[in-house]
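> One structure, pasted below without further comment.
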Amino acid sequence: ISAPKEETVLYIDDITFEFDYTSVRSNEKVNMKLYPNPATDYMVVSLDNQADSYELTVYDINGKQIKHLESLVGDTRMAVNDLSAGTYFLKVQQAGNTTVRKFVVE
């Protein structure tokens, strides 16, 4: 005859969840034009907000960072002739806002 197992039971009471509804996450994006798309030699990145500097980061389809350009102002002509043919993502960050666009290199 075996002795019965001792079981420990823990009861939790008075659980409180608090939510902060006063902070709002900004959904603003960087307004821009990206052309030509698809591209062969270069792409032009033209932002609506020409006053603030911005940075560009290019990622391949697997999420690997390929290029990074920073402290840019105005329209930027970015060479893509050094990239293999395929699909890429361009992340643009300006004044705390971020936008990601897909582009193709032929």
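The values are calculated or read from the model by the stated rules, or taken from the named source; none is laboratory data. Not measured: the values here are computed from a predicted model. Neighbour counts are summed over all protein chains in view; Cβ atoms, including those assigned to glycine, are modelled from backbone coordinates with ideal geometry. Quick note on the areas: whole protein, heavy atoms, side chains included, nothing else; ligands and nucleic acids left out. Shrake-Rupley method; radii C 1.70, N 1.55, O 1.52, S 1.80 Å.
> Read through the list (1) in contact with a Pro (Cβ under 6 Å, 6 or more places away or on another chain); (2) among the aliphatic types (A, V, I, L, M); (3) in a loop (DSSP other than H, G, I, E, B), then give the number of the only condition that Val104 fails.
In the conditions (1) in contact with a Pro (Cβ under 6 Å, 6 or more places away or on another chain); (2) among the aliphatic types (A, V, I, L, M); (3) in a loop (DSSP other than H, G, I, E, B), Val104 misses (3) alone.
> Which pairs have Cβ atoms under 7 Å, sit 6 or more apart or on different chains, and link a residue in region 38-65 that is charged (D, E, K, R) to one that is surrounded by 14 or more Cβ atoms within 10 Å (Cβ to Cβ) and in a loop (DSSP other than H, G, I, E, B)?
The qualifying pairs are Asp41/Val80.
> So, one more: Scan region 51-64 and give yes if some residue there is among the acidic types (Asp, Glu), outside any strand (DSSP E or B) and either touching a Gly at 6+ places or on another chain (Cβ under 7 Å) or at pLDDT 95 or above (or both), otherwise no.
No, every residue in region 51-64 fails to be among the acidic types (Asp, Glu), outside any strand (DSSP E or B) and either touching a Gly at 6+ places or on another chain (Cβ under 7 Å) or at pLDDT 95 or above (or both).
> Can I ask one more? Pull up region 66-95, narrow it to residues that are in a strand (DSSP E or B) and touching a residue at least 40 places away in the same chain (Cβ under 8 Å), then point me to the one that is surrounded by the fewest Cβ atoms within 10 Å (Cβ to Cβ). Spell out the reasoning first.
Of region 66-95, the ones in a strand (DSSP E or B) are 66-72, 76-79, 86-94.
Next, only the ones that are touching a residue at least 40 places away in the same chain (Cβ under 8 Å) stay: 90, 92-94.
Values: Leu90: 21, Val92: 22, Gln93: 16, Gln94: 21.
Among them, the one singled out is Gln93.
> Residues in region 28-45: is at least one surrounded by 15 or more Cβ atoms within 10 Å (Cβ to Cβ) and among the aromatic types (Phe, Trp, Tyr)?
Taking every residue of region 28-45 in turn, none turns out to be surrounded by 15 or more Cβ atoms within 10 Å (Cβ to Cβ) and among the aromatic types (Phe, Trp, Tyr).
> Still on this structure: Going by the conditions given, is Thr98 of a type outside the set (Lys, Arg), out of contact with any helix residue (DSSP H, G or I) (no Cβ under 7 Å at 6 or more places or on another chain), closer than 13 Å to Met32 by Cβ and open to solvent by less than 50 Å² (accessible area, probe 1.4 Å)? Break it down stepwise before answering.
Values: of a type outside the set (Lys, Arg): yes; out of contact with any helix residue (DSSP H, G or I) (no Cβ under 7 Å at 6 or more places or on another chain): yes; closer than 13 Å to Met32 by Cβ: yes; open to solvent by less than 50 Å² (accessible area, probe 1.4 Å): no.
Judged against the criteria, Thr98 is not a match.
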